[in-house]
Amino acid sequence: MSDCLFCKISTGDIPADIVYQDDDCVAFRDISPKAPVHLLVIPRQHIVNLYDLKADDSALMARILLTIPKIARQHGLDDGFRAVTNTDKGGGQEVFHLHFHILGGGTPHPL
Ligand code: AMP
Ligand code: ZN
């Protein structure tokens, strides 16, 4: 998607503090952190949110889910973390490219 902020971060057209990347996904620091460690993990592929997932995305999503705890551990989150994906307006989504927040390193914010 040409007009998508996170697609542009994925391609390097917009800078971000990238902490991990592979063929499937990119992880970078949230620009407005809500926890001592606050990272965002995005698929390189433009997927809007969980509503937009197709069966064909299953293997990609499984690989990303397997990568999330590895990234968390690389950032010292060995005693736990939160992984959150806000979905559409009712879920508070502000950037309409699927992303998982990794939050940790402090007192967990109550749900
Ligand atoms: P959400 O409400 O789940 O869509 O959250 C979007 C997140 O993206 C927020 O936590 C923002 O702080 C974060 N964000 C927005 N723009 C940028 C950016 N250019 N680089 C890093 N994080 C960003
Ligand atoms: Zn996108």
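The values are calculated or read from the model by the stated rules, or taken from the named source; none is laboratory data. Keep in mind that this is a model prediction, so the values were computed, not measured. Virtual Cβ from ideal backbone geometry, glycine too; neighbours counted across all protein chains shown. Only protein heavy atoms, including side chains, enter the accessible area calculation; ligands, DNA and RNA are left aside. Shrake-Rupley method; radii C 1.70, N 1.55, O 1.52, S 1.80 Å.
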Residue under evaluation Ile68, criteria (1) under 19 Å from Ala16 (Cα atoms); (2) within 16 Å of ligand 2 (Cβ to nearest atom), criterion not met: (2)
Under the condition of being within 14 Å of ligand 1 (Cβ to nearest atom) and among the hydrophobic types (A, V, I, L, M, F, W, C), which residue from the stretch 49-84 is most open to solvent (accessible area, probe 1.4 Å)? Leu50
In the stretch 32-48, the residues that are open to solvent by 70 Å² or more (accessible area, probe 1.4 Å) and away from ligand 2 (no atom under 16 Å from the Cβ): Pro33, Lys34, Pro36
Whichever residue in the stretch 5-23 is under 18 Å from Gln74 (Cβ atoms) and surrounded by 17 or more Cβ atoms within 10 Å (Cβ to Cβ) and, among such residues, is farthest from ligand 2 (Cβ to nearest atom): Val19
